[in-house]
Each structure stands twice: as C-alpha cells, then as structure tokens.
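Participant: There's a structure below that I have some questions on.
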Amino acid sequence: QAQLVESGGGLVQVGGSLRLSCAASKTRFSSYTMGWYRQAPGKQRDLVAHITTLGITNYADSVKGRFAISRDNARNTVYLQMNNLKPEDTAVYYCNAQYMGTNYWGQGTQVTVSS
C-alpha cells in the first residue's frame with residue numbers, strides 16, 4: 001500500500017510561487033499515475049493536475065499556464081510548481097497515486113494565498 005507525504009505548503013502573497021513535493025514509499029512509484037488535488041473550505045476535492053507513467057500531463061483549466069507537475073522516479077517524488085498564485089488557489093492540496101483502479105492519498109498540505 002502506497003504511503004504519500006506532502007510538503008511545501010504555506011502562506012504566500014498574490015503573484016508568488018510555491019513548490020509542493022510528495023514523497024511516496026511502499027510503492028512501485030514508476031507504475032503509478034500521480035496527481036495533485038485540492039479542496040477549499042465547503043467545496044469538493046478537485047483535480048489540479050496529474051502525470052501518467054509516461055509523463056503525460058493534464059491540468060485543470062484554472063491552473064493551466066501557471067502550475068507545472070513533474071515526477072522524479074528515481075526519488076519516488078512528484079512535484080507541483082505553482083506560479084502566479086491567486087487567492088482562489090487557497091486550499092488544502094492532496095497528493096494522489098493511482099494504480100489498477102486503487103487510489104491512495106496523502107494527508108494534505110495547506111496553501112494560503114493572501115491578497
């Protein structure tokens with residue numbers, strides 16, 4: 001069973017940048033599709049970006065051109081580079097791993113963008 005640990009969240013001003021990291025253990029990392037989701041207070045958890053085992057990426061329209069997902073299979077880590085942050089990006093960000101129809105989640109990391 002995959003274990004995921006996120007880091008890199010925090011408080012940032014509008015227009016600033018953050019890089020989230022998600023370290024995976026107890027998993028064949030290179031075989032997993034990895035993703036980032038976010039959940040704002042009172043809202044559902046939504047996909048932000050994901051990256052397949054072949055490195056194909058997909059982004060929510062709201063973050064295209066500002067966020068970039070990448071993975072380092074040697075380090076069992078997936079990253080989310082977030083640039084030009086906006087107040088509406090404020091949420092808890094969760095790392096996700098998908099394999100054979102099973103989803104694994106991290107504990108989440110808070111990102112707060114102040115205006």
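Participant: Of these, Lys43, Lys64, Lys26, which one is basic (Lys, Arg) and either touching an Asp or Glu at 6+ places or on another chain (Cβ under 8 Å) or under 19 Å from Ala2 (Cα atoms) (or both)?
Facilitator: Lys26
Participant: I would also like to ask the following. Residues that are part of a strand (DSSP E or B), out of contact with any helix residue (DSSP H, G or I) (no Cβ under 8 Å at 6 or more places or on another chain) and among the hydrophobic types (A, V, I, L, M, F, W, C): does the stretch 81-94 have at least one?
Facilitator: yes
Participant: On the given criteria, is Ala97 open to solvent by 10 Å² or more (accessible area, probe 1.4 Å), of a type in the set (A, V, I, L, M) and within 13 Å of the chain's Cα centre (by Cα)? Show your work before the answer.
Facilitator: Numbers: open to solvent by 10 Å² or more (accessible area, probe 1.4 Å): no; of a type in the set (A, V, I, L, M): yes; within 13 Å of the chain's Cα centre (by Cα): yes.
Answer is no for this residue.
Participant: A follow-up question, please. Going by the structure shown, is Gly16 of a type in the set (Gly, Ala, Ser), open to solvent by 40 Å² or more (accessible area, probe 1.4 Å) and assigned to a loop (DSSP other than H, G, I, E, B)? Reasoning before the result, please.
Facilitator: Details: of a type in the set (Gly, Ala, Ser): yes; open to solvent by 40 Å² or more (accessible area, probe 1.4 Å): no; assigned to a loop (DSSP other than H, G, I, E, B): yes.
Against the criterion (of a type in the set (Gly, Ala, Ser), open to solvent by 40 Å² or more (accessible area, probe 1.4 Å) and assigned to a loop (DSSP other than H, G, I, E, B)), Gly16 does not qualify.
Participant: With (1) of a type in the set (Gly, Ala, Ser); (2) in contact with a Phe, Trp or Tyr (Cβ under 6 Å, 6 or more places away or on another chain); (3) open to solvent by 60 Å² or more (accessible area, probe 1.4 Å) as the list, and Ala74 as the residue in question, which single condition is left unmet?
Facilitator: Every condition holds for Ala74 apart from (2).
Participant: Could you identify the single residue in Trp36, Trp105 that is touching a His at 6+ places or on another chain (Cβ under 9 Å) and among the aromatic types (Phe, Trp, Tyr)?
Facilitator: Of Trp36, Trp105, the one residue that is touching a His at 6+ places or on another chain (Cβ under 9 Å) and among the aromatic types (Phe, Trp, Tyr) is Trp36.
Participant: So, one more: If you take the residues of the stretch 30-40 that are touching a strand residue (DSSP E or B) at 6+ places or on another chain (Cβ under 8 Å) and outside any strand (DSSP E or B), which of them is farthest from Val113 (Cα to Cα)?
Facilitator: Start the filter on the stretch 30-40 by keeping residues that are touching a strand residue (DSSP E or B) at 6+ places or on another chain (Cβ under 8 Å), which leaves 31-40.
Cutting the leftovers down to outside any strand (DSSP E or B) gives us 31-32, 40.
On the way: Ser31: 33, Tyr32: 30, Ala40: 12 Å.
The qualifying residue farthest from Val113 (Cα to Cα) is Ser31.
The values are calculated or read from the model by the stated rules, or taken from the named source; none is laboratory data. Quick caveat: nothing in here was measured; it's all calculated off a predicted structure. In this analysis, Cβ positions are derived from the backbone assuming ideal geometry, glycine residues included, and neighbour counts consider all displayed protein chains. For the accessible areas, the whole protein counts, side chains as well, though only heavy atoms, and no ligand, DNA or RNA atoms are used. Shrake-Rupley method; radii C 1.70, N 1.55, O 1.52, S 1.80 Å.
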